[in-house]
Amino acid sequence: MKAVTASSHPEQLLEVREVSEPIADSNEALIRVTAFSLNRGELRRAQSAVEGTRIGWDLVGVVVEPAQDGSGPGKGKRVVGFSRRMHGWAERVVLPTVDFTDIPKSVPDTDAATLPVAGLTALYALERCERLLGSNVLITGASGGVGYFACQLAKMMGARVVAQLRRSDFVQMVRETGADEVIVSTDGSGLQAQGKFRVIIDGVGGSVLSKLLLQLDDGGRAILYGVSSGPVATLGVRELFMTGDGRIEGFHLYRESQVEPAAKGLGRLLGLLEQKRLSPHVAVEGNWKEIDAVAARLMDRDFPGKAVLTI
């Protein structure tokens, strides 16, 4: 079968090549993949990966062979899943039944494909936090996949949402999430006027995070899931004394989905999509033969939201 791998060509990041067929364990189903969405995390892995390394977390498809142990959706079911092995961008994949779930009839493949990494990260990061109702919540990188979902989910939880992004041409898109304030800033300036934050959901890191941590409220939490602006942030320890029992916490979806299986979180997100309470922003659609060009555009931040490719 064919799958996306790290490229053997120096001028390419990714390519579609022949690989061996997957073999399912008793708790895994064989899924024929129809579409998938891209995340920067996968692409960063590909940048340093050995030629031929498989790539891909997010996928939607149809169950060809259900799990032998009887768990999970049956044959012919349309499903969305999270490939922990990063084998998701392929014609066929095997997944443990705890990592995928049925897609409601009214939800298109394109929308469902955006959920596994971006949707689950936003959902589980916010659910770590307490007392969101009426509280100030800051979402950085709000025009990205995680940030766009996080703004919407935080509003559903009753928060006052402040969204930060780097480009003014994406402001209107972010306003559509229901964010109360949208701040365009590349260095964190302009956010001080918003006061202290009960919660900071940050995928930016770097110098922006250094400034934001000074605005963490007493008892607040900063959940850090990405470093798109840089992997190092200076910590102003003296200022953090005033946050009382405020916390700075790292977030990793692999670990978090062991607390609640991806299948359950995806089911809840799909329910919100079905009810029209949650919506993705799919900026790019295409065929998986275009994978390298679309990946380059995503890494260059050429578009907001998500890219979904079909097989």
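So for the range 1-134, what percent of the C-alpha to C-alpha distances run longer than 25 Å?
30
Spin-label point model (7 Å from Cα, Cβ direction): what's the Glu176 to Ser207 distance in nm?
3.2
Report the charge-dipole magnitude of the chain in Debye, nearest 20, computed about the Cα centre from +1 at each Lys and Arg Cβ and -1 at each Asp and Glu Cβ.
460
Rounded to the nearest 0.05, what FRET efficiency is calculated for Glu127 and Lys2 with R0 set to 35 Å and r the Cβ-Cβ distance?
Efficiency at R0 = 35 Å is approximately 0.40.
Among Val184, Phe197, Ser210, whose Cα lies farthest out toward the positive end of the dipole of the range 137-210, if unit charges sit on the beta carbon of Lys, Arg (+1) and Asp, Glu (-1)?
Comparing the listed Cα positions along the dipole, Phe197 ranks first.
Calculate, in nm to one decimal, what Glu18 and Val232 gain on full extension: separation in residues at 0.36 nm each, minus their alpha carbon distance.
73.2 nm
Straight-line reach from Lys2: which aspartates and glutamates have a Cα under 12 Å away, not including same-chain ones fewer than 8 places off?
The reachable aspartates and glutamates, counting only those whose Cα sits under 12 Å from Lys2, are Glu15, Glu18, Glu21, Glu91.
Given that compact globular proteins tend to follow 2.2 N^0.38 Å, what is the ratio of the alpha-carbon Rg of the range 200-311 to that value?
Compactness ratio reported: 1.36.
What number, in nm² with one decimal, is the all-direction average of the projected area of the convex hull of the alpha-carbon atoms of the range 262-311?
4.4
Quick check for you: which residues of the range 236-267 have the amide N under 15 Å from the point 7 Å beyond the Cα of Asp187 toward its beta carbon?
Counting backbone N atoms under 15 Å from the label point, the list is empty.
What distance in nm separates the simple spin-label points at Phe303 and Glu11, each placed 7 Å from Cα in the Cβ direction?
2.3
Using only the alpha carbons of the range 1-63, what is the convex hull's orientation-averaged projected area in square nanometres?
Spelled out: convex hull of the Cα atoms, projected over all directions, averaged, 4.8 nm².
Is it possible to state the helix-based mean residue ellipticity at 222 nm for the chain, with each DSSP H run of 4+ residues giving -39500 (n - 2.57), the sum divided by total residues, to the nearest 500 deg cm²/dmol? What is it?
-6500 deg cm²/dmol
Could you tell me which residue out of Ala24, Gln47, Gly72 lies farthest along the dipole of the range 17-75 toward its positive end? Charges go on the beta carbon: Lys and Arg +1, Asp and Glu -1, centred on the Cα centre.
About the Cα centre, the residue reaching furthest to the positive side is Gln47.
What aspartates and glutamates could a cross-link reach from Lys105, if we take a straight Cα to Cα line under 18 Å and drop same-chain neighbours fewer than 8 places away?
The reachable aspartates and glutamates, counting only those whose Cα sits under 18 Å from Lys105, are Glu274.
For the chain, report the accessible area per residue in Å² (1.4 Å probe, heavy atoms, rounded to an integer).
Accessible area per residue: 43 Å².
Keeping the other protein chains in place, figure out the carbon and sulfur percent of the accessible area of the range 193-280, with a 1.4 Å probe.
54
Sorting check: for 179-187, 163-171, which peptide has the highest mean count of neighbouring beta carbons within 10 Å, and how do the rest follow?
Ranking, from highest mean packing down: 163-171, 179-187.
If you build the Cα gyration tensor of the range 156-201 and take the root of 5 times each eigenvalue, what three semi-axes come out, in whole angstrom, biggest first?
Ellipsoid semi-axes (Å, largest first): 17, 15, 7.
For the chain, what is the convex hull (Cα atoms) projected area averaged across all directions, in square nanometres?
15.5
How many percent of the accessible area of the range 20-166 is carbon or sulfur, using a 1.4 Å probe?
Whole-percent figure for carbon plus sulfur exposure: 49.
So for the pair Lys75, His252, with labels modelled 7 Å out along Cα→Cβ, what separation do we get in nm?
Going by the 7 Å Cα→Cβ label model, 3.9 nm.
Need the C-alpha centroid separation for the range 208-243 versus the range 146-187, integer Å.
19
Based on DSSP, what percent of beta bridges with both residues in the chain are antiparallel, to the nearest 5?
50
The values are calculated or read from the model by the stated rules, or taken from the named source; none is laboratory data. Being a predicted model, the structure only gives us computed values, none of them experimental. Methodologically, a virtual Cβ is constructed for each residue, glycine included, from the backbone with ideal geometry; neighbour enumeration extends over all protein chains shown. Note: areas computed on protein heavy atoms with side chains; ligands, DNA, RNA excluded. Shrake-Rupley method; radii C 1.70, N 1.55, O 1.52, S 1.80 Å.
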